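Structure first, commentary second.
Nothing in this text is a laboratory measurement; each read-out follows from the coordinates by a stated rule. This is a predicted model, so every value here is computed, not measured. Using ideal geometry, Cβ is built from the backbone for each residue, glycine included, and neighbour counts are taken over all protein chains shown.
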Amino acid sequence: MPAVAETLETVQAASDGGYKWGFETDIAMEFAPKGLNEDIVRFISAKKNEPEWLLEWRLKAYRLWLTMEEPDWAAVNYPKIDYQDAYYYAAPTTKAAPKSLDEVDPELLRTYEKLGIPVREQERLQGIAVDMVFDSVSVATTFKERLHKEGIIFCSISEAVQEHPELVKQYLGSVVPPGDNYFACLNSAVFTDGSFVYIPKGVRCPMELSTYFRINAKSTGQFERTLIVADAGSHVSYLEGCTAPMRDENQMHAAVVELVLMDDATIKYSTVQNWYPGDAEGKGGIYNFVTKRAACRGARSKVSWTQVETGSAITWKYPSCMLLGDDSVGEFYSVAITNNHQQADTGTKMWHVGKNTKSTIVSKGISAGRGQNTYRGLVKISPKATGARNFTQCDSLLIGDQCGAHTVPYIENRCVSAKVEHEATTSRIAEDQLFYCRSRGLSQEEAVGLIVNGFCREVLKELPMEFAVEAQKLLAISLEGSVG
Amino acid sequence: MNAMTPGGFSARFAGLRDHLPGGRTPWVAALRGAAAEHFAATGLPHRKLEAWRYTDLSPIAQAQFTEALTLAAEHPVLPPMRAPHRAVFVDGRFAAGLSTLPAWCRTLAGDLNAAEGWLGALARDLPVVSLNTMLFEDGLMLDLPAGTDGGALELLSLASHTGRAIAFHPRHLIRLSEGASLTLIETSLGPDGASYLHNPVFEIQVASGATLSHVRIQREGRAGFQLATVLAAVEGGGTYDNFTLNAGARLVRNEIHTALLGPKAACHMNGAQLAGDGQHADTTTYLDHAAPDCASRQTYKTVLAGKSRGVFQGKILVRQVAQRTDGYQMNQALLLSEDAEIDAKPQLEIYADDVKCSHGATVGALDEAQLFYLRARGIPAETARAMLVQAFLTEAIEGVTHPLAQAALAEATEGWWEREAA
Amino acid sequence: MLRIEGLTAEIDGKQILKGINLEVPTGEVHAIMGPNGSGKSTLSYVLSGREGYEITGGSATFNGVDILAMEPEERAAAGLFLAFQYPVELPGVGNANFLRTALNSIRKAKGEPEVDAMAFLKMARAKLKTLQMSDDMLKRNVNVGFSGGEKKRNEVLQMALLEPSLAILDETDSGLDIDALKIVSEGVNAMRGPNFSALVITHYQRLLDYITPDRVHVLMGGRIVKSGGPELALELEAEGYAKVAA
């Protein structure tokens, strides 16, 4: 008992001191008027100098959104959101779009450096190209030239609208249509920036691509939109990270990510989500309502979602795979931590349509403090998906008796030759494990960190190397001042 | 658009309310009135409700069932009596001439006032339960005294061939006092050609140290409907075991709510569903761990042939107080046909940290390697399939240990695959 | 007599058997030896009728009857028995029930009366005794939780009970310690007689120390490349496949 009692004490001693990304950048900003209406949609579109078709697309989404209701089926509770009490556009004031990194406001670059993002190309360690999104706009993208030589397009989606309108028009909304759900619809109306990636046929992207999202301004929502198209036989690994300052107010992040895969294409999409989670009393934090979906249109295409969700007051997120092509593969690896008053309702949808499609789901949920953590997933197999296979493993770890861990899988199978296996367990950190570690000289916090990392290893090993190290540290920090 | 039409049930109640048992007894009338109000507001459950996303009751709404007002004159053939005591209900009404009741059994309609404070004690706001409360005609009232071994009791529900679409809503109250034990073997039967609705509700109280083994064998006619709700409350050290076989009916919803209310209460809920062409079988369980040191085990197996649909939903709730809970649930489905569909939704909702809870689900077809092995030993393909189907069910069925229950179960399952494959 | 002529077969478009010619006269025991991947197991599965193999040419007859056209259970009823290299586990199926169902299915197909539970138990116990196996074997689920040796012994028990006229033993020696090997071999030897023939498929010569074959055939690359007397097995053991086949 003493070991556990001590863990609990540590939990109760929790403070938000662990969030090390909570600073604010003081920089001149330009805002749209507060609130949401058609004029705001037009304002955003005009700011981005968008073609008429895109404005129409946004307005259609906005009108549709007005008829929709906010979903209430997730196991998360929050006060009613006043959509008029936020800014839908906030951008650092710049004279003209920066042509190179040298023209980017040094204060902005300092912000990213402080966050540990490799912004200087010459400083690159592993060769990661970064698109930096600051509130509503992309402020810089590195390695564009190098990638251009391979025929790879990597830029902000605003730039893609200008430079590659035919690609954007073809694929935008083709995986997540505006009417898909309430938050995706809102995003379709007011998205401000995000990343665009096109990998041409047969090209293996020579470096990791990454986007770093930063919410900085007060009372703003971030609505980014990411679109990745992997043409036949191509391969790309994409990383995303996100942080925000510590504030007492709740800020909304409603993103849409669309992935399109042709024959034999592979996309590995990794996320470390570290939005501000709110303080120990549950004040403040980001509402993270995200729609992510991949369409495996081509035969033998493969998409792999890996996520480490440590931040946000509320996480509502289900990165999904539509396995349309024969022999296509979908994977979902997730670690979600909820501490203090955080709530997470996250999981995936695997929709098997093509023959011999395969999916794997590994979900690790960790609840501490008063956190509530829900895995929600759907495995759906259509009659034509002969030979389809799914394996799902959901494990939950509880730290303290004030938190909750929930598992809600749905299995819908209409194919006689399909095979589906689901396993879920819930347990707490075993006292004998803690004791064993401590009798070998580890502190309580170290021991918990070690055990939690072990619990998550199946997911962490899926992350690209440099991200995995970050993620491990983050796990410990997320539980720091709360457990370990 | 949110509520399905009450399917004429509300109108029926308006006309019948004074004539139903206890219609003029204030406490009964109040209970029925409140249920009727609730049901009028909800109607029959519809698929937009999370708990009903896989089972569509619109055929019941459309059938416009009417209540069987008189005891049927002719009886279907009774199965042989297995236990020393038997309670027989025909179209939801007690058939005294066919029954032999032990001293601790009465009927609800026969002694309704004795049920005050007991009837409805476990009921909650479930539309199907409200429908029953509103229209129940009769039921078994079983009150087993402390320390008594009640042996085995048969509860037989028969639907007669009335030639019209009838509904009956028996309400069974079962109470085992401290240290009592009983095996209750319940069989529902009906003619294949008749369209009828059997809507039984069980309110079961198991006191400390008492053990109830409840075996339900559902063999309704192939055009019949069953909406069964079992509401069980188990006190500390008590055990409630439920085994349900769903073999009959065009559509069945077998809903079991068990609450473990005292320390060291235990619950085993197992079941098998065999659905053939044109059948829909749904088992939905809710297990509420509301006390520390309780254990629960669930194993459900579904076998689907022809154009059929199987549903399993199972939720385990572990409340904050329920430390040291040991909960396990497994549900497995075997698909034997290209036209079959299985939907499974196991669920864990856990608020206590010192727990061991797990669930598993598998869906698949017969194993080709196993089939070949049997055939290579000379066993014909159909026999081999039947053996593998039987083997698949074993894990769920082996928990049924009472010989009378085993016999009833064997009779209900034997030859199932051969019949469906034919 | 088993007669295989020009038998070719493939899996997933890949040709494994490239024209097998083989005769096993009634009353004889023949061994087929070959390195991994030579087609030994494919031959046993093709003869016993497992799905997934496409027979592209040639024939296989047993006592003049075309066995390739038969269902697996018909082959078993005709007297063929395959002792599996990897016996399949059947959770929920009791060994006694399995054996009796198999025995009666075969008897029924032959037009013989079925054996009742009591008579079966007596038969089974007698066989268990000669195989030095415990009666527990009958109560357990088929091969579930069996050790490798127990699984192989269970195969031999099945063979002893079903009394086939042609047994194909697919690497029955793999995974057996020396004691189990002796018991299994004695089981096979006990069946030898003028009406029993066997095809013993093995990688090593070891098993043939206990079951002396009348003929030894070397299978390589999907063809029988050499045939000879029992001494051929010793030669293979000493010299290796490559040299002997050259």
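Taking the Cβ of B:ALA376 as the center, what net charge do the other residues with Cβ under 13 Å away carry, scoring Lys and Arg +1 and Asp and Glu -1? Neighbourhood net charge equals -3. For A:LYS149, the aspartates and glutamates whose Cα comes closer than 20 Å to its Cα, not counting residues fewer than 8 places off in the same chain, are A:GLU121, A:ASP131, A:GLU159, A:GLU163, A:GLU208, A:ASP231. Taking the centroid of alpha carbons for each part, the range B:117-142 and the range A:136-180 are 61 Å apart.
Of all DSSP beta bridges confined to the range A:2-479, the antiparallel ones make up roughly 10%. Adding -39500 (n - 2.57) for every DSSP H run of four residues or longer, then dividing by how many residues chain A holds, sets the calculated 222 nm ellipticity at -7000 deg cm²/dmol.
Averaging the sequence gap over all C-alpha pairs within less than 8 Å and six or more residues apart, then dividing by the number of residues, gives chain A a relative contact order of 12 percent. Listed cross-link partners A:LYS60/A:LYS292; A:LYS48/A:LYS169; A:LYS201/A:LYS292; A:LYS218/A:LYS473 are compared with a 18 Å cut-off, the Cα-Cα value being larger for A:LYS60/A:LYS292; A:LYS201/A:LYS292; A:LYS218/A:LYS473. Between helix C:148-162 and chain C, what is the angle of the helix's C-alpha long axis to the longest principal axis, kept within 0 to 90° and rounded to the nearest 10? The helix C:148-162 is inclined about 80 degrees to chain C. Think of each Lys and Arg Cβ as +1 and each Asp and Glu Cβ as -1; about the Cα centre, that makes the dipole of the range B:13-121 roughly 180 debye.
How high is the relative contact order of the range C:2-245? Use alpha-carbon pairs under 8 Å, at least six apart in sequence, and give a whole percent.
29
The magnitude of the dipole of the range A:2-479, with charges of +1 and -1 set on the Cβ of Lys/Arg and Asp/Glu and taken from the Cα centre, is near 1260 debye. The Cα trace of the range A:390-448 gives Rg and Dmax of 17.5, 54 Å, the first to one decimal, the second as a whole number.
Our summary gives the range B:9-367 a relative contact order of 10 percent, counting only alpha carbon pairs under 8 angstrom and 6 or more residues apart.
Treating each Cα of the range A:317-388 as one equal point scatterer and applying the Debye formula with no solvent, the log10 of I(q)/I(0) at q = 0.12, 0.20 Å⁻¹ comes out as -0.38, -0.74. Over all other residues within a Cβ to Cβ distance under 10 Å of B:GLU137, the charged ones net out to -1, with Lys and Arg as +1 and Asp and Glu as -1.
Within the set A:LYS283/B:LYS345; A:LYS364/B:LYS315; A:LYS302/B:LYS315, which residue pairs have Cα atoms separated by over 23 Å? Numbers along the way, then the final one.
On the way: A:LYS283/B:LYS345 34 Å; A:LYS364/B:LYS315 20 Å; A:LYS302/B:LYS315 33 Å.
Exceeds cut-off: A:LYS283/B:LYS345; A:LYS302/B:LYS315.
Here the dipole of the protein assembly as shown is about 1380 debye; that uses its Cα centre as origin and unit charges on the Cβ of Lys and Arg (positive) and Asp and Glu (negative).
Taking amide hydrogens as placed 1.01 Å from N in the peptide plane, the amide H of B:PHE243 sits under 5 Å from those of B:HIS214, B:VAL215, B:ARG216, B:ASN270, each at least 5 positions away in sequence or on another chain. Placing unit charges on the Cβ atoms of the charged side chains and taking the dipole of chain A about its Cα centre, the candidate lying farthest along the positive direction among A:ALA217, A:SER367, A:THR25 is A:SER367.
Counting only residues 5 or more places away or on other chains, whose amide H sits under 5 Å from the amide H of A:GLN393 once H atoms are built in the peptide plane? For A:GLN393, the qualifying residues are A:ILE361, A:VAL362, A:SER363, A:GLU423. Each principal axis of the Cα cloud of the range B:9-367 was taken in turn, and the coordinate range along them, longest first, works out to 54, 51, 43 Å. Whole-Hz Karplus values for the range C:183-191 come out as 5, 4, 5, 4, x, 6, 4, 4, 8 Hz, taken residue by residue from phi with 6.51 cos²θ - 1.76 cosθ + 1.60 and θ = phi - 60°; glycine and proline positions read x. For the range B:160-196, applying the loop criterion from DSSP together with a ceiling of 16 other beta carbons within 10 Å to the trypsin sites (Lys or Arg not before Pro) yields B:ARG164.
For the range B:87-164, the normalised intensity computed at q = 0.11, 0.16 Å⁻¹ comes to -0.35, -0.72 (log10 of I(q)/I(0), Debye sum over alpha carbons, equal scatterers, no solvent). Using alpha carbon coordinates only, what is the Rg to Rh ratio of the range C:2-245, with Rh defined as the Kirkwood radius? Rg/Rh for the range C:2-245 comes to 0.96.
Could you estimate the translational diffusion coefficient of the range B:121-256 from the Stokes-Einstein equation, with Rh from the Kirkwood formula over C-alpha pairs, at 20 °C and 1.002 mPa s, in whole µm²/s?
The estimated diffusion coefficient comes to 141 µm²/s.
A simple rule links phi to the HN-Hα coupling: the Karplus curve 6.51 cos²θ - 1.76 cosθ + 1.60 with θ = phi - 60°, which for the range A:321-336 gives 10, 9, 8, 8, x, 4, 6, 6, 10, x, 10, 9, 10, 9, 10, 10 Hz, with x for Gly and Pro. Counting neighbouring beta carbons within 10 Å and listing from fewest to most, the residues A:ASP248, B:ASP56 come out as A:ASP248, B:ASP56.
The angle between the Cα long axis of helix C:117-130 and the main principal axis of chain C comes to about 50°, on a 0 to 90 degree scale. Take the alpha carbon gyration tensor of the protein assembly as shown, find the square roots of its eigenvalues, order them as a ≥ b ≥ c, and report rounded if a/c is under 1.5; if not, report prolate when a/b exceeds b/c, else oblate. Here the protein assembly as shown falls in the oblate category. Screening chain A for whole DSSP H helices with an alpha carbon extent of at least 20 angstrom along the helix axis and a mean Kyte-Doolittle hydropathy of at least 0.0 yields A:465-479. Straight Cα distances below 26 angstrom link C:LYS110 to the lysines C:LYS122, C:LYS127, with same-chain residues fewer than 8 positions distant left out.
Computed from Cα atoms, the angle from the helix C:95-109 axis to the main principal axis of chain C rounds to 70 degrees. Summarising the amide proton neighbourhood of C:LEU68: residues at separation of 5 or more, or on other chains, whose placed amide H is nearer than 5 Å comprise C:ALA60. Hey, if you drop one equal point scatterer on each alpha-carbon of chain A and run the Debye formula without solvent, what base-10 log of I(q)/I(0) do you get at q = 0.07, 0.09, 0.10, 0.13 Å⁻¹? Values returned for q = 0.07, 0.09, 0.10, 0.13 Å⁻¹ are -0.34, -0.58, -0.72, -1.26.
Where Lys and Arg each count +1 and Asp and Glu each count -1, what net charge lies around C:GLU155 among other residues with Cβ under 12 Å from its Cβ?
0
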